[in-house]
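Let me begin by presenting the structure, written as structure tokens, before commenting on it.
The values are calculated or read from the model by the stated rules, or taken from the named source; none is laboratory data. Every value quoted in this text rests on a predicted model; they were computed, and no experiment measured them. Virtual Cβ from ideal backbone geometry, glycine too; neighbours counted across all protein chains shown. Only protein heavy atoms, including side chains, enter the accessible area calculation; ligands, DNA and RNA are left aside. Shrake-Rupley method; radii C 1.70, N 1.55, O 1.52, S 1.80 Å.
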Amino acid sequence: INSRESIWPLCSARKRSNQVKAAHAAAKDRVVSDAEKIRRSISHERTLVHATPVELEFAGRLRKRKLDVTPQRAVHFYNLDVAVNVPTIAVEIFGGGFHAYGEHLATHFRRTKHLLDLGWSVLIIWIDAKRYPLSIACDDYVVKFVEELSLNPSKRGEYRVIRGDGNPAPIRHTYLNTPADIK
């Protein structure tokens, strides 16, 4: 076996931990500049390293509907799951309740405020493999949203939350769509 990638899975958890201990110690408390974050974001867009199969499939379906989309689009130091480029809509696909809690929640609010300040509309799609998988109804919703924004540019900068079935999510804090969440 020649490459590190092929022996890594064969190492014990303890050996892997020891192997990366020095790197973790060196990186601890390191301040990452905005310029580095932006370069990283651009790299993630180019390589699609953080794109999920669901996001890529969704982007492909939207392209078939003649929308100009970019998976993992870099906007400042954030990457959008799927971006509709004209008009600008950030589509975020949330597949776990953890998005509504802790640091994920704080990041969501910072990033949403940043996107809205830049004139992006934001669409959150909550999916659940059993009850609300990412359906064709979501494709239809995005197409209609694009049409609305194209016909009425004053509507840009909207924040919307739907489920994977294409219907609006119930007004609940856990869906990040209560009046307090939106402000």
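Do the sum for the chain: with -39,500 (n - 2.57) for every DSSP H run of n ≥ 4, divided by all residues, what is the mean residue ellipticity at 222 nm, to the nearest 500 deg cm²/dmol?
Working: 7 runs with 81 residues, N = 183.
The per-residue figure over the chain is -13500 deg cm²/dmol.
Roughly speaking, what is the stretch gain from A180 to N85, that is 0.36 nm per residue apart minus the C-alpha to C-alpha distance, in nm to one decimal? Don't skip to the end; give the middle numbers.
On the way: separation 95, 0.36 × 95 = 34.20 nm, distance 2.81 nm.
This chain segment gains 31.4 nm when fully extended.
Computed FRET efficiency, Cβ-Cβ of T70 and E103, R0 25 Å: what is it to the nearest 0.05? Efficiency for this residue pair is about 0.45.
In the chain, the longest principal axis of the Cα atoms and the axis of helix 102-117 are about 50 degrees apart.
Model label sites at H50 and A27, defined 7 Å from Cα along the beta-carbon direction, differ in position by 1.3 nm.
The tail of the calculated P(r) for the chain beyond 28 Å holds 33 percent of all Cα-Cα pairs.
Taking 7 Å steps out from each Cα toward its Cβ at R14 and V143 produces label points 5.9 nm apart. Considering only I124, I93, I171, the Gaussian network model of the chain with Cα springs below 10 Å gives its largest mean-square fluctuation to I171. Counting only alpha carbon atoms, the long axis of helix 13-27 and the longest principal axis of the chain meet at about 70°. Rolling a 1.4 Å probe over the protein heavy atoms leaves S12 with an accessible area of roughly 70 Å². For the chain, the number of Lys pairs separated by eight or more positions or lying on different chains, with C-alpha atoms closer than 22 Å, is 10. Any chance you could give the angle, 0 to 90 degrees and rounded to 10, that helix 53-64 forms with the longest Cα principal axis of the chain? The angle comes out near 40 degrees. Distance between the 7 Å Cα→Cβ label points at S135 and I171: 2.4 nm.
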